[in-house]
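Since every read-out is calculated from the coordinates, none of them should be taken as a lab result. Small disclaimer: the values here were computed from a predicted structure and weren't measured. As a convention, Cβ positions derive from the backbone with ideal geometry for all residues, glycine included, and neighbour counts pool all protein chains shown.
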Amino acid sequence: MRCLARLSSKALLVLCSLLALLSLLLWTRCSRHSQSPPEPPERRRAPDGEEASPQDPPGAAGMPGKAGPRYEEIDCVINEEQTVKGRREGSEVFLPFSWVEKYFQVYGRISQSSDGSERFEFSHSYSKVYAQRAPYRPDGVFMSFEGYNVELRDRVKCISGVEGVLEVDLFRGTFLKVFQKWIWESGKGDGVKCISGVEGVPVSTQWGPQGYFYPIQIAQYGLSHYSKNLTEKPPRVEVYETAGDGNGGGGNEGEWTVPKGCSLATVWDESRLTAVKQFSCPENSEGISLELNNARDFIISLDLKFQGNGSVSVVLETTERGRPFTLHYVSGSTRLISLRDRDVSYGIGARGAWSTLTRDLLTDLRKGAGLSNTKAVRQTRVAPRKLLRLVARGRGLLDNVTVSATAHAAAFFAASRWLLRNQDGRGGWPIAVTRKLGKASSPWIPAGTRPWRKGRPCPPWSGRTG
């Protein structure tokens, strides 16, 4: 007490201030510790120096910075016969789907949902059961084929564009070996898969990456579009050029751009008894272009007649950044499909007579961008955003340029024409593909001179297959 009495009031004030400051610092530190989350028990139990597996996720999906489930590699012994590497999360064990798929003969794939996110689709079978919408009619929808989309299958290389290169006689007897050799020799080169026989039908890679025509697949393609033509509403159609009536009557009709050194004229065609557009432009030039500017529909159709080599090209703005993709349809070329940077080329044959070229630009874009040397087309998310313009090069005539939402009738008739042309006298559709009947057997072709056959002497719409 005597010591306190001897302290001056000034010293006492300084001492009280120091005590208050110390109390404030201690209180702030304690409150900060109480607000921090407790350390996860997994992290506390981990011994020093332990590192997470490179395959362990750093955090929960969509929640950066937060600890996710911890996986450990574990040996899974299958019937005491084989061991596969799995993953363990607590009491849960995960087996690789590549093993599950083969062992249980199930199916699964990673696909893209409508919102753009990826998901895994699992199914016990490729088959799907559809409820019948109406009583079955022989002239109505074929089974549930309105739900088929044959052209977007992984094993469909593309839709062929060459017309009349191979006639049905090439499939007969002694011509088979020559025909096979021709396919393999002509198929050499970057992006070249096979030689097409008719315009507008799928080219399959079911048993080989080189590509060939598979009659059952072509029949499915035709029947699916036939059924969709019955169930869907009539499509929107924008007419951009009908030389007999001037420019088209659609809401988006475009204007022709004719660069220096090129010419475009309206002439009378005696074979069609109508006026058509005649163009002439060097093949190595920028070409004569017709503005389309359509961001809704991506099925293009036009009547064509080339007077020598040339091409028509479609320029597409896509979901990919950078310069647009260009789809080239090349006259005089028998290349099925090729890819160079952002230029996709389809051979459409000579086209020395009037013919109608109808192309699904979404399918052509994805098959071109996903072109590979394997059986399956590489998956790609690229999609068209806007159809910018049509470009013509070389010398030729064109008419009736339209863009529509669908073209089911054209696809159905293309499949029908192929089946009619290629059905032989025995009622089947030969396939010039070497077959194997087992792992130990050598490649063979029945009878040594004829290709193996698909189909019986009945129309493809009868529901019977061979």
Give me Rg over Rh for the stretch 333-440, both radii from the alpha carbons and Rh done the Kirkwood way, two decimal places.
1.01
Relative contact order computed over the stretch 279-388 (Cα-Cα under 8 Å; 6+ residues apart), in percent:
32 percent
When His408, His225 are ranked with the fewest other C-beta atoms within 10 Å first, the list becomes His408, His225
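In which sequence would Glu241, Glu283 go, from the one with the fewest C-beta neighbours within 10 Å to the one with the most? Don't skip to the answer; put the middle values down first.
Details: Glu241 24, Glu283 15.
If I rank by nearby Cβ atoms, fewest first, I get Glu283, Glu241.
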The stretch 202-238 and the stretch 335-369: distance between their alpha carbon centers, rounded to Å:
16 Å
